[in-house]
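Here's the structure we're looking at; comments come further down.
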Amino acid sequence: MVVLLRQGLEEEGHEVLVCNSGRITLRQDELEHFDVILLDWSLPGQDGVSVLREWREAGLQTPVLMLTARGTTGEKVMGLRAGADDYLVKPFDFDELLARLEALHRRGEQQGGPVRMGSVLLDPRRRVLRRGLQEEPLTAREFSLISSLARQQGTPQVRARLMAEAWGPDFDGSPNVLEVYVGYLRTKLERLGAKDVSIRAVRGVGYTLLIEQEPREP
């Protein structure tokens, strides 16, 4: 299957590098140069979810499409929580795979310039939150979510819209995953010491990003 996938992607004009082992030896800076990573859940030596989790914990921001024969909702949520940007169950249609890869690529290309959120700067190019000299890396899912909130600062955003932007319109996993990722973002804002930036739940609607005047030091 790997040979056919490589052949098909190269025929579509994509440059492809294949690594057949879960013991991924590429350095972080090498991985960052890829536009999209296609990662199989079942790898020899180490499963793809563990590999992806290690990448994200190390700060890798490259979009990742998880390819797997595991199709239950719980397994999809596990892959997404590990940091996957999209999820495709085998067997699949090559045209759908190609469309999903190209969509992830476009999402990365459409990232604009830095967005100011009070004392915090959202850097789309490096996909980090920055405050002064401190930085917090964001997973692709976290980045999509806070970007949606940042574009409409102070305006409540409907849950369904946030879910669609961060997980795609066809996501059928647990809606509680939104609360999980909001929690991740709140933790990162707290670690930055950004007391003027908060993500508030809006009852019956969803969430909103609020910017308040940062308290002065006494």
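Looking at VAL120, is it over 18 Å from PRO169 (Cβ atoms), aliphatic (A, V, I, L, M), crowded, with 19+ Cβ neighbours inside 10 Å and assigned by TED's automatic domain parsing to the domain that holds VAL16? If you could, list the steps in order and put the result at the bottom.
Numbers: over 18 Å from PRO169 (Cβ atoms): yes; aliphatic (A, V, I, L, M): yes; crowded, with 19+ Cβ neighbours inside 10 Å: yes; assigned by TED's automatic domain parsing to the domain that holds VAL16: no.
It is false that VAL120 is over 18 Å from PRO169 (Cβ atoms), aliphatic (A, V, I, L, M), crowded, with 19+ Cβ neighbours inside 10 Å and assigned by TED's automatic domain parsing to the domain that holds VAL16.
Results for (1) under 22 Å from the mean Cα position of the chain (by Cα); (2) outside any loop (DSSP other than H, G, I, E, B); (3) without any contact (Cβ under 8 Å) to a residue 60 or more places away in the chain, shown as yes or no for each residue.
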residue	(1), (2), (3)
ALA166	yes, yes, yes
ASP170	yes, no, yes
PRO175	yes, no, yes
GLY183	yes, yes, yes
ARG186	yes, yes, yes
ILE199	yes, yes, yes
GLY204	no, no, yes
TYR207	yes, yes, yes
GLN213	no, no, yes
Leading residue by the ranking (farthest from LEU9 (Cα to Cα)) among those in segment 106-116 that are modelled with pLDDT under 75 and of a type outside the set (D, E, K, R): GLY113
Only residues that are touching a Gly at 6+ places or on another chain (Cβ under 6 Å), assigned to a helix (DSSP H, G or I) and surrounded by fewer than 18 Cβ atoms within 10 Å (Cβ to Cβ): list them for segment 33-76, please. THR73
Pull out all pairs, ordered by first then second residue, where Cβ-Cβ is under 9 Å, the residues are six or more apart or on different chains, the first lies in segment 147-163 and is more than 18 Å from PRO114 (Cα to Cα) and free of Cβ contacts under 8 Å to residues at least 60 places away in the same chain, and the second is in a loop (DSSP other than H, G, I, E, B) and of a type in the set (Val, Ile, Thr). PRO156/VAL205; GLN157/VAL205; VAL158/VAL205; ARG159/VAL205
Answer with yes or no whether ARG141 is surrounded by 13 or more Cβ atoms within 10 Å (Cβ to Cβ), within 18 Å of VAL36 (Cα to Cα) and at pLDDT below 90. yes
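The values are calculated or read from the model by the stated rules, or taken from the named source; none is laboratory data. Treat the numbers as computed from the prediction; the structure is a model and nothing was measured. Counting neighbours? That spans all protein chains shown, and the Cβs are built from the backbone with ideal geometry, glycine included.
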